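Asks: Can you keep this structure in mind? I'll have questions shortly.
Nothing in this text is a laboratory measurement; each read-out follows from the coordinates by a stated rule. Not measured: the values here are computed from a predicted model. Neighbour counts run over all protein chains shown; Cβ positions are idealised from the backbone, glycine included.
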Amino acid sequence: MEDVKIIFMGTPEFAVPIFKGLVEHYHVVAVVTQPDKCVGRKQIMMPSPIKEASALYNIPVLQPKNIKEEYQMVLDFHPDLIITCAYGQILPAAILEYPKYGCINVHASLLPKLRGGAPIHHAIIDGYQKTGVTIMYMSLKMDAGDILTQAETAISDQDTLESLSKRLSEMGKMLLLKTLPDLLAGKLEAKAQDESEVTYGYNITREEEKIDFNWSKEKIDCLVRGLYPHPGAYTTLDGKIMKVYNVRLGHREYFSTPNGTIADFEKDGFCVVAGGEEIIITDIAIEGKKRCLVKDYLNGVDKEKLRGKILK
């Protein structure tokens, strides 16, 4: 099985441990990843994490802008198997139908739950108690292919996008290495997804990153954790964007105070009314300023001028 020619297709940091685990055990003939892009205020051209990782192994890298039109460069490597993980483009039938062992995907959810590009974000934001990793055959329909194997993990009330991503990435690596021998030996029987159980985890929009203080404190906590550390949940204070990186749940009730009001202060944060109850914001970055703990921010401001202001 060492002679099986594999192409790996992926882009973000999440895919790197999975890629490295694969390279250490199998013959990866090429990597396909998204084109380099400009990032940051200085718009510096940067390669994807997978491109950077592939350089460690001297593996050829392909970066088609549109895989549906530039697929021949992939086929020219004559892959026996294609493995994708958060690649970022939909593959055409010409690629899906080519490899002897098919095209499989490592997806960060328990399909058919949370199909789409942001399953880890949504697992936390939408209040799921568990999630996991699925390895399935790819199809022309997004994340709808037959399932080969799955592994699950509980989501704690301390999990963030960062912590859950790291755990699922390692799980994905181990599950792929466990799955491949049986797949290549023809010992796995794929199972069709139950379409009645489908939910979606589409890419997060800017509007979805905004905190609505009419929500319950628990829902806001899920949003903040599900967007930490990037892109971050946000609200506005005095018309300026305020990123919110951490909160904790308070115990007081404020049913006669408008939601979003800064009603009081703790040593570590603002006490803000959320759904008639209290949520304490402890870690922020106000537009134009660096990220800081709210306890440090409060040392330099007049608390009484903040009291009663409404976050919108």
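Asks: Please report the relative contact order for segment 54-131, taking Cα pairs under 8 Å with a sequence separation of at least 6, and give it as a percent rounded to a whole number.
Replies: 23
Asks: Shifting gears a bit: Using the crude model of +1 on Lys and Arg Cβ and -1 on Asp and Glu Cβ, and no other charge, please compute the dipole size for segment 207-306 relative to its Cα centre, in debye to 20.
Replies: I would put it at about 320 debye.
Asks: Identify all aspartates and glutamates with a Cα-Cα distance to residue 191 below 18 Å; exclude those on the same chain that are fewer than 8 residues away in sequence.
Replies: Reachable aspartates and glutamates: 143, 146, 152, 182.
Asks: Then there is this: Once amide H atoms are built 1.01 Å from N in the peptide plane, which residues 5 or more positions from residue 5, or in another chain, come under 5 Å H to H?
Replies: Those lying under 5 Å, H to H, from residue 5 are 80, 81.
Asks: For the Cα atoms of the chain, what angle does the longest principal axis make with the long axis of helix 161-184, in degrees from 0 to 90, nearest 10?
Replies: 20
Asks: For segment 167-247, state which trypsin sites (Lys or Arg not before Pro) are in a DSSP loop and have at most 15 other beta carbons lying within 10 Å of their beta carbon. Please report the intermediate quantities before stating the final value.
Replies: Numbers: sites: 167, 173, 178, 187, 191, 206, 210, 217, 219, 225, 240, 243; in loops: 187, 206.
Hits after loop and neighbour filter: 187, 206.
Asks: Another question, if that's okay. Could you sort 256-267, 143-154, 290-301 so that the peptide with the highest average Cβ count within 10 Å comes first and the rest follow in order?
Replies: Result, highest mean first: 143-154, 256-267, 290-301.
Asks: Starting at the first residue of segment 235-244, write each ³J(HN,Hα) from the Karplus equation 6.51 cos²θ - 1.76 cosθ + 1.60 with θ = phi - 60°, in whole Hz, x for Gly and Pro.
Replies: With coefficients 6.51, -1.76 and 1.60, one gets 9, 10, 10, 6, x, 9, 5, 10, 6, 10 Hz.
Asks: Counting other Cβ atoms within 10 Å of each Cβ, which chymotrypsin sites (Phe, Trp or Tyr not before Pro) in segment 1-88 have at most 12 and sit in a DSSP loop? It would help to have the intermediate numbers written out before the result.
Replies: Values: sites: 8, 14, 19, 26, 57, 71, 77, 87; in loops: 26, 57, 71, 77, 87.
The qualifying sites are 57.
Asks: Shifting gears a bit: Once the piece of chain linking residue 256 and residue 152 is laid out straight, how much longer is it, given 0.36 nm per residue of separation minus the C-alpha distance between them? Spell out each step's value before the answer.
Replies: On the way: separation 104, 0.36 × 104 = 37.44 nm, distance 4.28 nm.
My answer for the length gained is 33.2 nm.
Asks: At 7 Å along Cα-to-Cβ for each site, give me the label-to-label distance between residue 203 and residue 310 in nm.
Replies: 3.4
Asks: With r as the distance between the Cβ atoms of residue 69 and residue 20 and R0 = 25 Å, compute the FRET efficiency 1/(1 + (r/R0)^6) and round to 0.05.
Replies: Working: r = 30 Å, r/R0 = 1.20.
Taking R0 as 25 Å, the efficiency between residue 20 and residue 69 is 0.25.
Asks: So which GluC sites (Glu not before Pro) in segment 23-105 are both in a DSSP loop and have at most 16 other Cβ atoms within 10 Å of their Cβ?
Replies: Those satisfying the criteria are 24, 69, 70, 97.
Asks: So which of 217/240; 130/166; 267/295; 243/290 end up more than 18 Å apart, counting from Cα to Cα?
Replies: 217/240
Asks: If each residue of separation counts as 0.36 nm, what is the full-extension length gain between residue 61 and residue 39 once their alpha-carbon separation is subtracted? Numbers along the way, then the final one.
Replies: Details: separation 22, 0.36 × 22 = 7.92 nm, distance 2.04 nm.
Value of the extension gain: 5.9 nm.
Asks: Something else: With everything on Cα atoms, drop me the angle between helix 217-226 and the longest principal axis of the chain, reported from 0 to 90° to the nearest 10.
Replies: With both axes taken from Cα atoms, the answer is about 40 degrees.
Asks: Under a plain spin-label model, where a point goes 7 Å from the Cα along Cα-to-Cβ, how far apart in nm are residue 174 and residue 139?
Replies: Spacing of the two 7 Å Cα→Cβ label points: 3.0 nm.
Asks: Next up: What are the residues whose amide H is under 5 Å from the amide H of residue 149, where those residues sit 5 or more places off or on another chain and H is modelled from the backbone?
Replies: When sequence neighbours closer than 5 places are left aside, the close amide H contacts are 135.
Asks: If I model a spin label as a point 7 Å beyond the Cα along the Cα-Cβ vector, how far apart are those points for residue 29 and residue 216 in nm?
Replies: 5.4
Asks: Based solely on its DSSP helices, what 222 nm [θ] is calculated for the chain when runs of n ≥ 4 H residues each add -39,500 (n - 2.57) and the sum is averaged over all residues, nearest 500 deg cm²/dmol?
Replies: Result for the chain: -6500 deg cm²/dmol, rounded to the nearest 500.
Asks: If you average 1/r over all unlike Cα pairs in segment 5-197 and invert the result, what Kirkwood radius do you get in angstrom?
Replies: The answer is 17.0 Å.
Asks: Using only alpha carbons, build the gyration tensor for segment 113-226 and give me the equivalent ellipsoid semi-axes, biggest first, whole Å.
Replies: 30, 16, 11
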